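What follows is calculated from the coordinates using simple rules that are stated; it is not laboratory data. Since this is a predicted model, take the numbers as computed values, not measurements. Because the Cβ atoms are built from the backbone with ideal geometry, glycine has one as well, and the counts that use them run over all protein chains shown.
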Amino acid sequence: MSEKKLILFLDSGDTIIDESTETRDEEGIVTSASIIPGADIMLKTLVERGYTLVMVADGDAQSFKNVYKQLGLYDYFTAMIYSENIKATKPSARMFKAAAGSIELTEADFSRVAMVGNNLSRDIKGANALGITSIFINWTPRYPHEPADESERPMYTISEPLQLLELADQLNEKLV
């Protein structure tokens, strides 16, 4: 399978993992959680199709390691960028620039990147500010589905993980 031009940045909570199922220890570290239906198949299929996946998520590194290793999904990601390590949270440009740098992309490559996330004020606003294609997954009822302003308006909206497969292929075709 040939490598795709499109690079996918993915949030974790309520994008891949169902935040409502998280169990935490006394220090607030997530020890386990369940996956959103179809998200495991989505990740596996994207990797099989040759996409590069980078996690860009707010939270503690250990939480992500715990959950993604338990679910057997850790190795699908070429890199994982966590707010704990970057000392910033989305929509900070530092998060997205760190993700790009982790796979040797520059800001000139942002036109090849799509950010998939559940939070308009963090994932979508941050991607839009940098010219990264923004994809809103409106799966969860826990966060607003209406943008507060134009900076939070997603370029694309999907309602469940498997819808990303066709959209990613369409976006990749535009780059070829």
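DSSP bridge analysis restricted to the chain gives an antiparallel fraction near 15%, rounded to the nearest 5. Straightening the chain between Lys174 and Ile41 buys 45.5 nm, computed as 0.36 nm per residue apart minus the Cα-Cα spacing. Fully extending the segment from Thr31 to Ser159 would add 43.4 nm, taking 0.36 nm per residue of separation and subtracting the current Cα-Cα distance. Can you list which of the trypsin sites (Lys or Arg not before Pro) found in segment 122-158 are DSSP loop residues with at most 15 other C-beta atoms within 10 Å? Passing both the DSSP loop test and the Cβ count: Arg142. Residue separation of Lys87 and Asp149 scaled by 0.36 nm, minus their Cα-Cα distance, works out to 19.7 nm of gained length. Equivalent-ellipsoid semi-axes for segment 112-152 (Cα gyration tensor, √(5λ), whole Å, largest first): 17, 12, 6.
For the modelled label position 7 Å from the Cα of Arg142 along Cα-to-Cβ, which residues of segment 1-24 have backbone nitrogen atoms closer than 18 Å? Label zone hits: 10-24.
Segment 11-44 and segment 102-156 have Cα centres lying 19 Å from one another. In segment 1-80, Cα pairs under 8 Å separated by at least six residues give a relative contact order of 38 percent.
Taking amide H atoms as placed 1.01 Å from N in the peptide plane, the amide H of Thr52 lies under 5 Å from those of Lys4, Leu8, each 5 or more residues away in sequence or on another chain. For the chain, the Cβ-based charge dipole about the Cα centre amounts to some 440 debye (Lys, Arg positive; Asp, Glu negative; other atoms uncharged).
Residues of segment 73-114 with amide nitrogen under 13 Å from the 7 Å Cα-to-Cβ point of Ala61? Once the point is set 7 Å along Cα→Cβ of Ala61, 80-87 turn out to lie under 13 Å by backbone N, inside segment 73-114.
Contact order for the chain, expressed relative to its length and based on alpha carbon pairs under 8 Å spaced 6+ residues apart, stands at 24 percent.
Largest first, the three principal axis extents of the alpha carbons in the chain are 47, 39, 29 Å in whole numbers.
In the chain, helices alone account for a calculated mean residue ellipticity at 222 nm of -8000 deg cm²/dmol, with every DSSP H run of four or more residues adding -39,500 (n - 2.57).
How would you classify segment 7-53 from its alpha-carbon gyration tensor, with a ≥ b ≥ c the square roots of the eigenvalues: rounded for a/c under 1.5, else prolate if a/b is greater than b/c, otherwise oblate? Prolate is the answer for segment 7-53, as a/c is 1.5 or above and a/b outweighs b/c. For segment 92-166, the C-alpha radius of gyration divided by 2.2 N^0.38 Å, with N the number of residues, is 1.08.
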